[in-house]
Amino acid sequence: MSPATTPPDSTSDGSEAIRPFRIEVPQADIDELRRRLQATRWPEKETVKDQSQGVQLATIQALVRYWGSDYDFRRFEARLNAVPQFMTGIDGLDIHFIHLKSPHDNALPLIITHGWPGSVIEMLNVLGPLADPTAHGGDAADAFDVVVPSMPGYGFSEKPSATGWDPVHIADAWIALMRRLGYTRYVAQGGDWGAQITDVMGAKAPPELVGIHSNMPGTVPPAVAKALASNILGAGDPPPTGLSGDEQRAYDRLSFLFTKGIGYALEMGLRPQTLYGLADSPVALAAWMLDHDAYSLEDIAQAFEGDPVGNLTRDEVLDNITLTWVTNTGISSGRLYWENNLGFFDIKGASVPAAVSVFPRELYQAPRSWSEKAYPNLIYFNEVDRGNHFAAWQEPELFTTELRAAFRSLRNTP
């Protein structure tokens, strides 16, 4: 399958120039995707009545029926081409990014980083409200210039051909990107991998970065992280004593995640190249991407039962999967787990002003007590009443409200 292409005058050469970018997926690629969907060989049904064995047969078959018949294969392409997209080379690698400037004066520059199995698709519904709040019931004083890059090996960013593109390297690249765009004062936001990268940016504390926000913060104390790691290896060390109710809740959620919910991360962290099915089979890719965590899988399954939770509709889910398929980035995106040497939920040492929003169906709910220790300059902490791991994607209005509130105190700070 050939990759999605750019216009003839927009070459992929690693140049540091900022070049406009537009997506053009060959029709032959779409026809081939349909053929592969129709030729799927199915396994038998799971032997349990719940999702404990993984993505249920009924869910993935409903997805494939819709994907192969009613889904508009040009939809994700049109959505991305409706916003300003660019390419620029950083450290020899072409980076794809969205850059939507606000129509309002004194907008605060903001860089948002997605995670796995996500992409810039996750952020499309928050771009307008963040950049032009008055057009979406908000105040011009809360406007942002929004930058959303695709991580290396994801979407239309170039795939690394050598090792070394870990979260720390990506954090350095984002700092370079914001400088190249001419921003001398900006804030950063992230969830999933984006949370880790944003935390690292906060620890590096470049002079231009005035604050960070996370919806999956790294707050777990070292003693708790050690006990959780032992659970993965089967030792089952008890949790540290003296945990508060919120801290015990966080520990229990993380313990479940580490023992029952990160098989995908372990495989990609150890043997990403083995996952050839992600490049060869669209159904294998879809099932792999759906099975991120128990709560988001439940919500996505509801979408294919005709009852979407929030904005996480069938079309939204398939936009993200289709983008990954046409760019053949199932394996290249997974290599980030192999590259990573940081604890996902560990404290990264961010020193800049930090804000935390806690969503109830996130992988864990960061307690305020842990957040205050992890971020010594915590300027905002709020627990909201809905939303899962894909906060911006599922609840764009709530996510937008959180970012406006989180960064409001930094608007006029020198």
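Out of all the residues in segment 375-395, is one or more open to solvent by less than 30 Å² (accessible area, probe 1.4 Å), of a type in the set (A, V, I, L, M, F, W, C) and touching a Pro at 6+ places or on another chain (Cβ under 8 Å)? Yes; the residues of segment 375-395 include at least one that is open to solvent by less than 30 Å² (accessible area, probe 1.4 Å), of a type in the set (A, V, I, L, M, F, W, C) and touching a Pro at 6+ places or on another chain (Cβ under 8 Å).
Every residue, every condition in (1) modelled with pLDDT under 95; (2) open to solvent by 60 Å² or more (accessible area, probe 1.4 Å); (3) assigned to a strand (DSSP E or B), yes or no:
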site	(1), (2), (3)
MET1	yes, yes, no
LEU37	no, no, no
THR47	no, yes, no
GLY54	no, no, no
ALA58	no, yes, no
ASP94	no, no, yes
SER102	no, no, no
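Would you call SER333 in contact (Cβ under 8 Å) with a residue 60 or more places away in the chain, of a type in the set (S, T, N, Q), surrounded by 23 or more Cβ atoms within 10 Å (Cβ to Cβ) and in a strand (DSSP E or B)?
Working: in contact (Cβ under 8 Å) with a residue 60 or more places away in the chain: yes; of a type in the set (S, T, N, Q): yes; surrounded by 23 or more Cβ atoms within 10 Å (Cβ to Cβ): yes; in a strand (DSSP E or B): no.
For SER333, the condition - in contact (Cβ under 8 Å) with a residue 60 or more places away in the chain, of a type in the set (S, T, N, Q), surrounded by 23 or more Cβ atoms within 10 Å (Cβ to Cβ) and in a strand (DSSP E or B) - is not met.
Looking at segment 209-251 only, could you name the residues that are assigned to a loop (DSSP other than H, G, I, E, B), modelled with pLDDT of 90 or more and open to solvent by 30 Å² or more (accessible area, probe 1.4 Å)? Correct list: PRO221, THR241, GLY242, LEU243, SER244. In the set (1) crowded, with 21+ Cβ neighbours inside 10 Å; (2) closer than 16 Å to TRP174 by Cβ, the condition left unmet by PHE76 is number (2). Residues that are closer than 15 Å to PHE144 by Cα, open to solvent by less than 10 Å² (accessible area, probe 1.4 Å) and not aromatic (Phe, Trp, Tyr) within segment 166-189 comprise MET178, VAL187, ALA188, GLN189, listed in sequence order. Out of the residues in segment 266-282 that are crowded, with 18+ Cβ neighbours inside 10 Å and within 21 Å of the chain's Cα centre (by Cα), which is farthest from VAL55 (Cα to Cα)? Top of the filtered list is PRO272.
Regarding segment 196-207, can at least one residue be identified that is crowded, with 24+ Cβ neighbours inside 10 Å and assigned to a strand (DSSP E or B)? No, that holds for no residue. Of the residues making up segment 13-35, those that are over 17 Å from ALA78 (Cα atoms) and either outside any loop (DSSP other than H, G, I, E, B) or among the hydrophobic types (A, V, I, L, M, F, W, C) (or both) are ALA17, ILE18, ARG19, ALA28, ASP31, GLU32, LEU33, ARG34, ARG35.
Per the listing ASN341, ASN320, ASN382, the residue uniquely under 25 Å from GLY128 (Cβ atoms) and outside any helix (DSSP H, G or I) is ASN382.
Select from segment 38-57 the residues that are among the aliphatic types (A, V, I, L, M) and more than 26 Å from the chain's Cα centre (by Cα) and write down the one among them that is nearest to GLY261 (Cα to Cα). Even if it seems obvious, please write down each step before you answer.
Taking segment 38-57 as the starting set, the residues that turn out to be among the aliphatic types (A, V, I, L, M) are 39, 48, 55, 57.
Those still in the list that are more than 26 Å from the chain's Cα centre (by Cα) too: 39, 48.
Values: ALA39: 30, VAL48: 17 Å.
So the residue we want is VAL48.
Taking the criterion of being of a type in the set (D, E, K, R) and under 21 Å from the mean Cα position of the chain (by Cα), the residues of segment 339-388 that qualify are GLU339, ASP346, LYS348, ARG361, GLU362, GLU383, ASP385, ARG386.
Only one of the numbered conditions (1) free of Cβ contacts under 8 Å to residues at least 12 places away in the same chain; (2) within 19 Å of the chain's Cα centre (by Cα) is violated by ASP166, and that is (1).
Scanning segment 345-359 for residues that are within 23 Å of LEU403 (Cβ to Cβ) and open to solvent by 50 Å² or more (accessible area, probe 1.4 Å) yields a count of 2. Do you know which of the residues in segment 147-165 that are of a type outside the set (A, V, I, L, M, F, W, C) and within 16 Å of GLN85 (Cα to Cα) is surrounded by the fewest Cβ atoms within 10 Å (Cβ to Cβ)? Only one residue tops the list, namely GLU158.
Going by the structure shown, is THR113 β-branched (Val, Ile, Thr), surrounded by fewer than 24 Cβ atoms within 10 Å (Cβ to Cβ) and modelled with pLDDT of 95 or more?
Numbers: β-branched (Val, Ile, Thr): yes; surrounded by fewer than 24 Cβ atoms within 10 Å (Cβ to Cβ): no; modelled with pLDDT of 95 or more: yes.
Considered against the rule, which asks whether it is β-branched (Val, Ile, Thr), surrounded by fewer than 24 Cβ atoms within 10 Å (Cβ to Cβ) and modelled with pLDDT of 95 or more, THR113 comes out as no.
Taking first residues from segment 303-315 that are touching a residue at least 12 places away in the same chain (Cβ under 8 Å) and partners that are of a type in the set (Asp, Glu) and open to solvent by 40 Å² or more (accessible area, probe 1.4 Å), the Cβ contacts under 8 Å between residues at least 6 apart in sequence or on separate chains come to ASP315/ASP72.
Cβ-Cβ contacts under 6 Å between residues 6 or more apart (or on different chains), taken from a first residue in segment 80-94 that is closer than 21 Å to TRP165 by Cβ and touching a residue at least 24 places away in the same chain (Cβ under 8 Å) to a second residue that is of a type in the set (D, E, K, R) and not in a strand (DSSP E or B), are listed as GLY89/GLU16; LEU93/GLU158; ASP94/GLU158.
Within segment 128-146, track down each residue that is hydrophobic (A, V, I, L, M, F, W, C), open to solvent by less than 10 Å² (accessible area, probe 1.4 Å), farther than 15 Å from GLU395 by Cβ and in a helix (DSSP H, G or I). Outline the logic, then answer.
Pass one, segment 128-146, residues hydrophobic (A, V, I, L, M, F, W, C): 130-131, 135, 140-141, 143-144, 146.
Now drop any that are not open to solvent by less than 10 Å² (accessible area, probe 1.4 Å), which leaves 130-131, 143-144, 146.
When the remaining residues are screened for being farther than 15 Å from GLU395 by Cβ, the result is 131, 143-144, 146.
Selection gives ALA131 alone.
The values are calculated or read from the model by the stated rules, or taken from the named source; none is laboratory data. Computed from a predicted model, the values in this text were never measured in an experiment. Cβ coordinates were reconstructed from backbone atoms using ideal geometry, including for glycine residues, and neighbour counts include every protein chain displayed. Quick note on the areas: whole protein, heavy atoms, side chains included, nothing else; ligands and nucleic acids left out. Shrake-Rupley method; radii C 1.70, N 1.55, O 1.52, S 1.80 Å.
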